[in-house]
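Single-structure report; data block below.
The values are calculated or read from the model by the stated rules, or taken from the named source; none is laboratory data. Keep in mind that this is a model prediction, so the values were computed, not measured. Using ideal geometry, Cβ is built from the backbone for each residue, glycine included, and neighbour counts are taken over all protein chains shown. Remember, those area values only see protein heavy atoms, side chains included, never the ligands or the DNA or RNA. Shrake-Rupley method; radii C 1.70, N 1.55, O 1.52, S 1.80 Å.
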Amino acid sequence: MFEYLLKGGFLGICIILSFYHFIVWFGRKYDKSNLSYSLYTFALFFCVFNGQVYPEMDIYNKNLCLIGVIIASITMPVTITFFIFTIFNTKKIVKISKLYCFITIIIGLISLFFFCFTFNRMFVNISVFIIASLGIIVTSYIFYNIVKYKLYQSTKNKLVIAGLFFLLFSGFASAFATALEIEEVIFLVIFGPYLIMSFLFAISLASGFNKDHYALKKLSDNLEIQVKERTKELEQEKNLKTTFFINIAHEIKTPITLIKNFFEKYIRKMKKIDDDLIPVQTNINILSHTIQNFLTQETLNRGEIYYDHEQIINISDFFNNTLPLFKIMANKKEILIDSAIEQNLFTTADPIAINQIINNLIENAIKYTNQLGKINIILKSRNQKIFLDIKDTGIGMKKEQLKHIFNPYYQIKQEKQNIQGIGMGLSIVKGLLDQINGQIKIKSQSGEGTHITIILNSADSAEKLKESSYTVSETIIQANHSNSKKIDKNKKTILIVEDNHSMSEFISSLFIINYNILSASNGIEAIGLLNAFHADLIISDIMMDQMDGFSLVSLLKKEKAHLLIPVIFLTAKSTLEDKIKGLELGAIDYIEKPFNANELIFKVKNQFKLMDLITQNVHLHIKDEFSEIDLDQFYQKCQEHKLSEREIEVLQLMKFEKLSNKKIAERLDISVKSVETYLYNRIAIKIGLFSKKEILTYFS
């Protein structure tokens, strides 16, 4: 019974191994070792079945069994040899293995031929003996080459070599039994070594497979690391290129501002514009608009938000101010702009962002509408929403183009159209609308025009906190040119810190009539001037040699003598981080280049008015009610916690004048929400106290 179980288990193992490695080979056809092993185990299955199982069956035929012996004597050596030279794939081993296979097949076929005619067992014995003897010689030769060429170093090869020792043992046993014509040989003596050899070969294949797997995994991991490193390098290269172009754009901003402001100053002086200068003015505006669009697009790409979207603005006024300008532009192409603007519609957004949205949409409509075309602009409100419809009879877009129109730098290309641009308009519009929870819908057909609908949230006019003072007007106030440092004690003094001489001269020209002007080209020169002269306000660039604007303000806020000098940053650096950093250092405002001269003038003028008003009121209340308050201690605490100028103003009005948040908002021309933000989100966080009473007590 045990013998039957042993033989059955042996056959089962052989057929399973054969089938499994055939499947493996089917998936990895480049590796012939699995195919050779599959054929070998199947040949071993046939050999055991023919020699041990078939003789005990009722259908047993001795002659058929001997034919099976001859077939087994051919297939076993051939498949084993095939497996060996797939493992030890050297020229000599492959050559001797192929020769041995050829001789084995020839001897086996000759023996089979004579046996089939004579049924003489002698031919079977001779065939098996010769093949087994040659097999011993070939195996010995293979061992010699393995040692000679040191092919035994890998684990896979060591296992195969161990299997070959068992093959030699089995070969000697088979040759000996055949020579002595022993018909009944103990099963384990002949086939036991084959079974052990089969397992060793299987383990060697598994070892090789695992080695390949770990090598591939290591390669994959290394490749992944290399991909990540290369991706990081490409990102760094991209960022360097982007930063390079942003810096170029920033550098271009300054000359654009100078050209634009001096040009408009000239027009105001001449009180008219020559027809020859209109193209100059138009292209200056295009260049300024393109640079601003590029910087805005890069800001959106980086996920930065530097707009103040808490402002409530009258969007109707934007159209009232801008449409006449666009109608002039459209008239040059004989395009009719028909508009229907509902008045007093309010929305919550930064006015600069709204201005960019409107300008990009209407400019695109004019750009892509042919001569004698028409543009309809409708602004209306419905269900707490504001709807802006811009419909043109222009060239339109194809369906394929609509899928990409919000991609940065995507340009709409039309045959027989010479329309220039860099494809940022709609991408910027979409990015800005996303920031204020707005929507944009576009319908378009090629050759029939485009219909764009913008949906904004409506702000109730009853809840209007403040209306932005932003204006699209670009009026330039004329000023005499002067570089004098003669100080008039009846005038306030402005220190201008700017490394670009032309820009410094231009800013000086805006204020020279009404103020004393001091000029410095960097922070170090500015400190020197402040030690010699008193300045009431500083207008400073940021990017300067030796000492930049940030370092200058940081140093000023550490010195008691200069602590309360308000600083306005006037710079080409427009990222959110730079803006926040400047305001955190204590600057009262942050104006980007190219700037509007009128805007700068009025901001300076309003700041001086506010300073005078606060000084008068504080001194009055100190004299009447707070004569015992130590102002030095108050300002020392402000300096200690790095409070900005605006935060100090809020505290002064709240503590010394006991004004409500609403009154402070009216006094400083800001929203009530902004006052609360200064108090609870900035001052409170800086000093670590979160109730109004605790804050006021702390500054007593």
Work out the FRET efficiency for residue 684 and residue 282 from their Cβ-Cβ distance, taking R0 = 45 Å, and round it to the nearest 0.05. 0.35
Roughly what would the spin-label model give for residue 441 and residue 584, points 7 Å off Cα along C-beta, in nm? 4.2 nm
To the nearest 20 Debye, how big is the dipole of the range 1-107 about its Cα centre, given +1 on the beta carbon of each Lys and Arg and -1 on that of each Asp and Glu? 680 debye
Might you report the magnitude of the Cβ-based charge dipole of the range 531-585 about its Cα centre, with Lys and Arg at +1 and Asp and Glu at -1, to the nearest 20 debye? 180 debye
Given a Förster radius of 51 Å and the C-beta distance between residue 641 and residue 374 as r, what FRET efficiency does 1/(1 + (r/R0)^6) yield to the nearest 0.05? 0.30
Quick check on packing: order 590-598, 143-151 by the mean number of other C-beta atoms within 10 Å, highest mean leading. 590-598, 143-151
Once you sort the root eigenvalues of the Cα gyration tensor of the range 35-131 as a ≥ b ≥ c, which label holds: rounded (a/c under 1.5), prolate (a/b larger than b/c) or oblate (the other case)? oblate
Alpha-carbon centroids, the range 375-393 and the range 550-589: separation in whole Å: 42 Å
What's the FRET efficiency of residue 155 with residue 26 using the Cβ-Cβ distance as r and R₀ = 41 Å, to the nearest 0.05? 0.95
Suppose the chain between residue 203 and residue 219 were pulled fully straight at 0.36 nm per residue; how much longer would it get relative to their current alpha carbon spacing? 3.4 nm
Would you mind working out the accessible area per residue for the range 483-523, using a 1.4 Å probe, and quoting it in Å²? 43 Å²
